[in-house]
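Working notes for the structure below.
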Amino acid sequence: MKIMRLLFGIVTFPLVCWSVNAQQVMPDGSTRPTIAVVLAGGGAKGAAHIGVLQALEEMHIPVDIVTGTSMGSYVGGLYALGMSAEEIEETVQNIDWNSGYHDRVGRSERRVRDKEYDDRYQLHTDLGLRWLEVKMPKGVVQGQNMLQILRQSTGNLPPFDSFDELPVHYRAVATDIVNLKPVVMGDGEIVDAMMASMSVPGALPPYQYKGMLLVDGGVTDNMPVELARSMGADVIIAVDISTDYQTEDQLKTFLNVGNQLSNYLVRRSTQAQSDLLTPNDVLLHPAVGKMSTTDFSQMPEAYDKGYQAAVEQKPQLQKYSISSDNYKSYQLDKVAKRKQFKRGSELEIKQVHVENNSHYHENVLLSRLGIEPGKQYTSEEIELKIRDLYALDRFERVSYSYKDNKDGTTDLNIQVNEKEWGPNYVDFRFFMEDNFKSSSKYSIGLTSNFTDIGSLGAELRSNVEIGTDKLFGLELYVPFTYNQNYFISAVSTYSDEKSNFFIPDANNPTQDSEGSTQLTDTENSLPIDYKKWIGDLSIGYQPTLWQEVRLGIRYTNGNTSLTGLPSFGNSDYTRQGAYVRYRLDTLDDFSFPSKGYYADIEYLYSSDKYDGESSEIASEISTNFMIAKSYQKHSLVGRFEYSVVDTESEGVPIDPMELGGFLHLSGIPRDSLLGRNKAYTSLVYRYKWFENDFGLFQSPVYLGASLEYGGVWTNSDSNWNSDSMYVAGSAFTGVDSPIGPIILAYGQTEQGFNSAYLIIGSTF
């Protein structure tokens, strides 16, 4: 142990050799000891540190040095910057800490084409794929949002030559994961020091710092007492927020056992530093041992526990208190130093430099960022632009820093790191639906996205699905401008879908003279195979990430036959045509939306041919609109669909409109009504019953009900046919789980048709 401490001293000496004076001279000429506060790591329990600092301020105890590990480095860093305990408490309480462990940009901010795949292939593993090798990221999240939290709460400051320039001298401790040694950080960007010290292995990847890979300092030096002493501290006030050991009864799973061992290593490090305290020092033990390190909702309670622990030690702490006048001078000195800081929002950017560690052309990155030299940007504006680039979801981390040119100007340096485990990625799909009557479907699949094709961002995506329905597809996406606003898309898809052909009741014909369709048509069916190959070539314009316009040509070659009896009911058809399509999508979730809009409008003009017969001209327009609004735990979702087909013949077209299934005329089987035209509208109410926030992921539970009205008809009149329109409704419960939506529902239409549904995954 003595040898380790000697090595630690040698490593830290260059960073701490500029220590504060052994005795501090006060304005009245008297002296006082140099006081250091040492803050241990402990995750959410670190709010106890703020309570301790609040008590010290009330006792008029000055702090000259602060050292910390993990959350202790964060709270200590804010205090070193000159913030009061009250300011720190307000800052910490306003932070959504759980968001720091969610890097994935919200659905509403992502590209339209990415949303289509994300909704269908809902198991977002983001595994890397290189030839026959599958790679995984080094952390559950990569720290993008956590860095944003740290930047914004510290004021987005440029780097410091030394943290001794701060109102309170400051050091943070992390662990070199390669050499397994403590690393003291005493200069540069304070955000880097905090992030490295807080990078919990597994949850966050090792943080790059001066050529080292750093993780949370808890195992090697969780309460850096020796470091504070080497910086010149006469008196140390150390705050230990260790977690209690679990009892034998609590060690039920391998996770409990692993946590116990991890806790032992951290507490052993803490105890080693506690042994270095002298009788003049004060060791505080806030009663937070039973609190979780990841339950940030307990931070107010932890704050109170910290304050209480300091107050209980007031007799011992009080001897380090100074007079009101001297303490006021101490505070004014801190304020004066704090005012000298130049925050990011106060800096005019002379140049923008991109450290491009990706295959993308630098102009693609600069175009997406849209940061103009010669302008000032607020922290919120810069963060939004960084987020716009990160929303492409092809980067491990996008961060930035300011560089003082020493001539009154500042450069903005942006670091863009492509995902280390890329450049090809795999996500998965699982889908199952059963109505407990006539039909059930299941599907498993994967999508592979190959991104390293060109510097402008071209990508090749392959999709494979097996189950009751099968799908094999390729899409080549090629943007041809730096801003990626214009692109070409080539798609080839083969599908084999098992469905039911619903047979009209002989006593109640399906099509009357007006072409209306009856609910009784859904009672009798034959299994049928729909096989088709689709080739699609389009040119597109994407003015924003959430909307696009496409103009293209499409060729379809299809076949239908009775399942198991291919010689019966066999029919071939082809369709070739041109189309224009507009899509806008800002929904935050497609299955359980709480806010946003959706619009999908397509016009197709085609030449259709059945079984080698003469072709006929068809024109088709399809529209689908959705809007979602929420208030607290209540959400309303409105939907309207309207589609019409105009052909030379009066029969059902090649690709008929379909209706039926949960939230698509609930109460009858999926896609059981077929016709030339379709109209459908619904209003869905949903209540968030449970939040189920587990930190790294959320899994809310919903209760809901719907009111629906719609139908299909086959006459040439595109106006609504009231005889084919039916009222339906449903009641359901659903879970937005890590494997996708899980829904149990009951639906009923007028005339008493009803059905139950169990759905796992996306229904499209």
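The values are calculated or read from the model by the stated rules, or taken from the named source; none is laboratory data. It should be emphasised that the depicted structure is a prediction, and the values quoted were computed from it without experimental measurement. Here the Cβ positions follow ideal geometry from the backbone for every residue, glycine too, while neighbour counts run over all protein chains shown. To get the accessible areas, we keep the full protein, side chains included, count just its heavy atoms, and leave off ligands, DNA and RNA. Shrake-Rupley method; radii C 1.70, N 1.55, O 1.52, S 1.80 Å.
Annotations
- Using only Cα coordinates, the Kirkwood hydrodynamic radius of the stretch 210-270 works out to 13.8 Å.
- Evaluated with a Cβ-only charge set (Lys, Arg +1; Asp, Glu -1), the stretch 81-136 carries a dipole of roughly 660 debye about its Cα centre, given to the nearest 20.
- Computed from the C-beta positions of Lys498 and Asp588 and an R0 of 35 Å, the FRET efficiency is 0.60 to the nearest 0.05.
- Dipole axis of the chain (+1 Lys, Arg; -1 Asp, Glu on Cβ), positive-most option in Tyr360, Tyr377, Tyr390: Tyr377
- Gain upon complete extension [Lys437, Tyr605; 0.36 nm per residue less C-alpha separation]: 56.7 nm
- Summing charges over neighbours of Asp469, with a neighbour being any other residue whose Cβ is under 9 Å away from its Cβ, gives 0 when K and R count +1 and D and E count -1.
- The heavy atoms of Asp434 offer some 50 square angstrom of accessible surface to a 1.4 angstrom probe.
- Taking Val141, Val735 and ordering them by how much accessible surface each has at a 1.4 Å probe, largest first, produces Val735, Val141.
- Whole-Å semi-axes of the ellipsoid equivalent to the stretch 568-661 (Cα gyration tensor, √5λ, descending): 36, 14, 10
- Arg554 accessible area, assembled protein chains, probe 1.4 Å, Å²: 50 Å²
- Accessible area of Asp64 in the full protein assembly, 1.4 Å probe (Å², nearest 10): 20 Å²
- Antiparallel DSSP beta bridges within the chain, percent to nearest 5: 90 percent
- Here the spin labels are modelled as points 7 Å beyond Cα on the Cα-Cβ line, and at Tyr245 and Ile488 they lie 6.9 nm apart.
- Out of every Cα-Cα pair that the stretch 357-507 contains, those further apart than 28 angstrom amount to 44 percent.
- Highest mean packing comes first when the peptides 83-91, 187-195 are listed by Cβ atoms within 10 Å, giving 187-195, 83-91.
- Its alpha carbons considered, the stretch 335-381 gives a radius of gyration followed by a Dmax of 14.3, 46 Å.
- Spin-label pair Gln208/Glu90, simplified geometry with 7 Å Cα→Cβ offset, distance in nm: 3.7 nm
- Rh (Kirkwood; distinct C-alpha pairs) - the stretch 411-478, Å: 14.7 Å
- A straight chain from Ser162 to Tyr541 at 0.36 nm per residue would run longer than the Cα-Cα distance by 131.5 nm.
- Restricting the calculation to alpha carbons of the stretch 69-119 gives Rg and Dmax of 17.2, 48 angstrom.
- Between the stretch 50-96 and the stretch 444-461, the C-alpha centres lie 46 angstrom from each other.
- Rounded tilt (10° steps) of 324-339 against the dominant C-alpha axis of the chain: 50 degrees
- Charge dipole magnitude, Cβ of K and R +1, D and E -1 - the stretch 617-666, Cα centre, debye nearest 20: 680 debye
- Total charge dipole magnitude, the chain, about the Cα centre, Cβ charges on Lys, Arg, Asp, Glu only, Debye to nearest 20: 2060 debye
- Counting every alpha-carbon pair across the chain, the share separated by more than 54 Å comes to 25%.
- The listed peptides 624-630, 705-711, ordered by packing as a protection proxy, come out as 705-711, 624-630 (highest mean of other Cβ atoms within 10 Å first).
- On full extension, the segment bounded by Asn363 and Ser722 gains 123.6 nm, given 0.36 nm per residue less the C-alpha separation.
- Ranked by the mean number of other Cβ atoms within 10 Å per residue, highest first, peptides 45-55, 332-342 order as 45-55, 332-342.
- Efficiency of FRET from Cβ geometry, Trp131 and Thr681, R₀ 56 Å, rounded to 0.05: 0.65
- Sequence-distant contacts, meaning Cα pairs under 8 Å at least 6 residues apart, place the relative contact order of the chain at 11 percent.
- What the Cα atoms of the stretch 100-223 give is an Rg and a Dmax of 17.5, 54 Å.
- Computed over every Cα-Cα pair of the stretch 366-448 and binned at 5 Å starting from 0, the pair-distance distribution P(r) comes out as 3, 10, 16, 14, 11, 9, 8, 7, 7, 5, 4, 3, 2, 1, 0, 0 percent.
- Per residue, the chain reaches -6500 deg cm²/dmol at 222 nm when only DSSP H runs of four or more residues are counted, each adding -39500 (n - 2.57).
- Surface/4 estimate of mean projected area, convex hull on alpha-carbon atoms of the stretch 579-732, nm²: 11.1 nm²
- Considering only alpha-carbon pairs that sit under 8 angstrom and 6 or more positions apart, the relative contact order computed for the stretch 140-237 is 27 percent.
- Spin-label pair Val311-Asn692: with each label point 7 Å from Cα along the Cα-Cβ axis, the two points sit 4.0 nm from one another.
- Its residue count N fixes a reference of 2.2 N^0.38 Å for the stretch 675-764, and the Cα radius of gyration divided by that reference is 1.37.
- P(r) tail fraction, the stretch 254-409 - alpha-carbon pairs more than 29 Å apart, %: 56 percent
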